[in-house]
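Each remark here refers to the structure printed beneath this line.
Every number here is computed from the coordinates shown, using simple stated rules; none is lab data. This is a predicted model, so every value here is computed, not measured. All Cβ positions, even for glycine, are placed from backbone atoms using ideal geometry, and neighbour counts span all protein chains on display.
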Amino acid sequence: MADMTALPLQQLIASLDPSCLPKIIQVCSGVYFQGSIYELSGSEVCFSTGDLIKVIDIELLSVSCEDVTNNEKFELPINHKGLFKVVPEEMPYYSMEELMSLRPVGLESCLPFTFTCRSKLTFGDFTLGAGRALTVLSIEQCEGEEDQVRCHVQGQQEASAEVCIPLSAQGEFIECEGEECFTLQEIMSSSCLRSRRFRFVNTTKYERPLVFSPIYQVQAIMNLRKNILKFPSSLEVDVVDVTDLSMDVNFATPLSLTEVLSQPEESFPAVVEILENPDNRSLFKCSWLPELSQGKQLVFHKTGTSAVALLSSMKSKKMQQYFLVSQQYGGRFRRRPREFNSVYILYVASLKAAGLKVSVTRNFEEAEEEGMPALSVGDQLEVIRCERMELPCGSSNTQKESVDALLCHRLQEPDDGDEDDDDDEEEDKQEQEREEIFLPLYMQGHFVEVLADNKRYRLKDLGKTCSLPLDVKVVSRDTELETDPLVGFASLRIEGAMLEPIIQASFLHTPDHCFEIPTKWLSMSVSFTKETDLPWLGGQPPKCHVDRVTEVTEFFFYEFQKQGDSGEAPPPRPPKRNVSSETCKKSSSKPLKKVDKSKQHPDKTTPTKEFADLTLSKKRRPAPLPPDDEDDQPPPIVPRKPSGAEVKTSKALPNTYVDRGESKKKVLPLPEVEADVDSDHDYETVDETLMEMMKTAQDSVIFY
């Protein structure tokens, strides 16, 4: 180590080529805060003199900027949007050869560049005055002759010329500032530019020259520790590169789960140790996930791919649950009819299932101005295709509006015929009973799928015969599972299927109870260990029972939906209502019976013109009430109850609000009352108490 030069950690890391990693460095000395312990992002980093560190990865985090005039330092993010110019070197060059060879930036990466000469130059018959600016274009190399530098000279009155200056030319050459600007990313990606000085462009806040130094996040392991260390390269530690001298040192090799998948098949089964806690714990709710922690040992049995399906329970008062189910699941499913809450959802489902048939589960009133037909509970519809339809009333009186609509056949229930009818005649009759209707895609509705299938399916068979999503119910549990979490749900929806890379693993204390780790959704760092033997005797692995159902979280479901997002357009909006469409609606409505307003009070339920203008096109008006019978006439206006003086001479008026005709339902027959209150009655005698109640009820009706 005496023959090797120690460098600051930041300088050595900046000189490393990421393609040449890993590299082994040794700590020589350094300035330590709090002894030799650094607390960085919750991770304790301890370096002592003589420690060996194996650098496995570096990532550029930021750039340290140092003011060369006063040694002040500050940091800039690597994605800083500012631009910088190269500050020319103040030292002169005394020959063209020195100018080309000793400049900090290599010639290949900085052509063209400009320089001046403080003295007069003479090249054969050509003389160039002092202070003239020359721009280097290229180097001319000729066999048997001296190399020359081809330069461009700007003369007077915009005249220009090219001259060739030999490398042996003597003079005092000074570099000039160029016009080219660079970003921090460009500067850090070039080893030549990194050694130059720069200044900000288009700013007056900071014009002094700066020296840039990259700050990396170093990912490394140590020979005495198994976990991965992450620390910045700005630590004040002196190190030396001892890669060639430490090849026999045993370092724990951390592997990601993706790297484990690339290991040869002969590497399994093997015992591994978790070096870093797994990320994305929020995606899973399985029982084995909490036991995966740093320092825990697992048995990796094998790697491969597994066909799984994502199932979700129906929304209810309870929390909705989601499951990843292997296609090796042994239970049986039975299809359940799907429910559709709009025509657009029905249309999307019909694209994946030709000849989809549904039944209407809720009445829907006709809205002619919007092209919506009337639907009744029990109507059966067969989805045909999507077409354009014209609305009865467009945005103007002369122009009609067309919208996307779903063409369906309304299937009428056939009447019971003679049993001897021919089958062909029955089919022709059913064809004639099919009615074509158009359902606008923006129409709301309630439909349920009509299924004639009552088979019991395996999960892998459902994916072959049916399109997803699909509603199912478990009718027989998987007998190989101790507890089947899918049993008991009234309905489950198969959201989608996927082929996932997995690692079949188990814990040391239960090597026969395996679970599948989906490497795409879970990340952690492990290392193969030879210190622990496989937990079975005779080298014969036990028969493994694999968990075929893994519960996941709602966050996993949303991430899964993002990956399968097809970018479909949202459902269309209904057309805006206007005065013309409302006029069409009024004209299409059945007119009510005309009533003589002179014989009755004004109808308070009829809106005035001002109120109608305010409520126009806000909501669908209720259906009109059925007209009264032809013989029914509105009752006359009843006068108020007469005063005490008038009672003596006046006669009681009959109850005009009581229907004297034959009614369908009679709770209690009321007596006929003559005009004279003192006249004798000719009906049967009733109990006095009942008579008093009847009289009270009659007075209440008459004088209310």
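What to note about this one:
- Listed peptides 230-241, 180-191 by packing density, highest first (mean Cβ within 10 Å): 230-241, 180-191
- Close amide H contacts of residue 216 (hydrogens built in the peptide plane, cut-off under 5 Å, sequence separation of 5 or more or a different chain): 61, 233, 234.
- For the cross-link pairs 81/562; 285/562; 318/464; 352/460; 315/473, the ones whose C-alpha atoms lie over 23 Å apart are 81/562; 318/464.
- Residue order, fewest to most surrounding Cβ atoms within 10 angstrom, among 534, 255: 534, 255
- Sorted by Cβ neighbour density within 10 Å, fewest at the top, the residues 281, 336, 196: 281, 336, 196
- Ranked by the mean number of other Cβ atoms within 10 Å per residue, highest first, peptides 376-386, 402-412 order as 402-412, 376-386.
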